[in-house]
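The values are calculated or read from the model by the stated rules, or taken from the named source; none is laboratory data. What you see is a predicted model; the values in this text were computed from it and never measured. Cβ placement follows ideal geometry from the backbone for every residue including glycine, while neighbour counts extend to all protein chains displayed.
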Amino acid sequence: MPHTLLGISGALRAGSTNSALLREAARLYGADRFVEADLNLPLYDGDFEDEDGIPPAVDTLVSQIAAADAVLISTPEYNGAITGVLKNALDWISRHSEKPMVGKPVALMSAAAGRAGGVRAQTMLRTCLVAFRPRIALAPEVGIADSGNAFDENGHFVSERYASSVSNLMDALKADVSAE
């Protein structure tokens, strides 16, 4: 059965190691199709929503989540938390009439410059996702430390340890997708 994965990176930077982590995870998963979400969204503002409704970019993101077999979310850790970019996207998604994450298999991961690899942000992300009711893949946390040095020129892990950890998480996610 063909699988489509949607990758959501909590970073907008073109050279983001969290985006690289999503791409490497999708490769290790063996997805037939991988789509990267665009979180370049306006800041959530209730007045804006009342006047103009949900922005088309949010409709696109919600449709991408709904169409995916599974979602990968990778976030940097900013001051011990998820990024404003990711929180803003979650705020917009929560305002949509569709609830695309309910029961959706989701894998969480992080990449950061620090030695903990962003795992504190994952804890906050899990809390933020409770209201969305996804099926979060249960596997050991994946936090890529010193992420600027974790990938080779082809975007693959330089460490077999990281490749193994991400493969284990992707195996857990595949099991969740197959259980549907």
>> Tell me yes or no: at least one residue of the range 48-66 is over 20 Å from ALA131 (Cα atoms) and outside any helix (DSSP H, G or I).
In response: yes
> So, of the residues in the range 67-108 that are in a loop (DSSP other than H, G, I, E, B) and β-branched (Val, Ile, Thr), which turns out to be farthest from the chain's Cα centre (by Cα)?
Replying inline: VAL102
> If a residue has to be at pLDDT below 95 and among the hydroxyl-bearing types (Ser, Thr, Tyr) to count, how many in the range 77-96 make the cut?
Replying inline: 1
>> I need the full set of residues from the range 98-140 which are among the polar types (S, T, N, Q) and touching a helix residue (DSSP H, G or I) at 6+ places or on another chain (Cβ under 9 Å), in order please.
In response: SER110
> Which one of the conditions (1) closer than 15 Å to THR17 by Cβ; (2) modelled with pLDDT of 95 or more; (3) not in a helix (DSSP H, G or I) does VAL166 fail to meet, given that it meets all the rest?
Replying inline: (3)
> Of all the residues that make up the range 1-29, how many are without any contact (Cβ under 8 Å) to a residue 60 or more places away in the chain and part of a loop (DSSP other than H, G, I, E, B)?
Replying inline: 5
> Going by the structure shown, is SER97 surrounded by fewer than 16 Cβ atoms within 10 Å (Cβ to Cβ) and small (Gly, Ala, Ser)?
Replying inline: yes
